[in-house]
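To keep things clear, I will list the structure first and then write my remarks on it.
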Amino acid sequence: MNTSPKTSARTAARLGAATLAAAALTLTQLAPAGADSIGVADPKDLGHGVDLRSVEVEHGARNVVITTTHTDLRESFRSGSSGSVFIDTDPTDTGPEYVFTGGFFVGTDYQLVTTDGFAQGAVGQPVEGSYRMRVDYDREHVRIRIARDAIGSPAEVRVAVRVAGTRPDGSTTRTDWLGEPRTFTEWVAQ
């Protein structure tokens, strides 16, 4: 067997390339089949645990999953942390058709309702269907899963996200939107 430095370098290069190819194959298989997604970052601009840092929208064959990342989420009701995800499913109709609203502290609730815009007066009826919200305080994530058929099985979706909270003195924080107020992410196809 030839163990010259040149041969060893070639063997190491081949092994390195094979390792990279295997790693790339593994990473591409982690994405759900038939899903498209988008990730959007948001600046650290709210001195509160609900501060929105990023939003990921995954549009899969069965579900739409929205994951928000925050800074220092707290379990206590004193945080007053809550948020709303406005979901646009119809490119021909300006504005959202649904809004998912919930608190991000222990003991709170959430609901998916129809809407005809961003104002509270535009909120309609609760949506029947499968949806769920989970808060992971260790990872500082809020994960919302909505069955596609609950929102009409749209070909594409986009979201606008708004969050807010309560300070220790009882005052409320300003509203933190993903990007500019009432603006949506890019469309995410199924």
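The values are calculated or read from the model by the stated rules, or taken from the named source; none is laboratory data. Everything numeric in this text was worked out from a predicted model, so none of it was measured. Remember, those area values only see protein heavy atoms, side chains included, never the ligands or the DNA or RNA. Shrake-Rupley method; radii C 1.70, N 1.55, O 1.52, S 1.80 Å.
Rolling a 1.4 Å probe over the protein heavy atoms leaves HIS70 with an accessible area of roughly 10 Å².
The range 128-142 and the range 78-112 have Cα centres lying 12 Å from one another. Solvent-accessible area of the range 55-122 (1.4 angstrom probe, protein heavy atoms only): carbon and sulfur portion equals 45 percent. Entry note, the range 86-190: relative contact order of 21 percent, from Cα contacts under 8 Å with a spacing of 6+ residues.
Per-residue SASA remark: PHE184, around 50 Å² accessible (1.4 Å probe; ligands, DNA and RNA not included).
Could you report the range 74-127's accessible area per residue, 1.4 Å probe, as an integer in Å²? Kindly include the intermediate steps, with their values, before the conclusion.
Working: 2790 Å² over 54 residues.
That works out to 52 Å² per residue.
Based on the Kirkwood radius over alpha-carbon pairs, what value in µm²/s does the Stokes-Einstein equation return for the translational diffusion coefficient of the range 79-173 at 37 °C and 0.692 mPa s? Using the Kirkwood radius from Cα pairs, D works out to 231 µm²/s.
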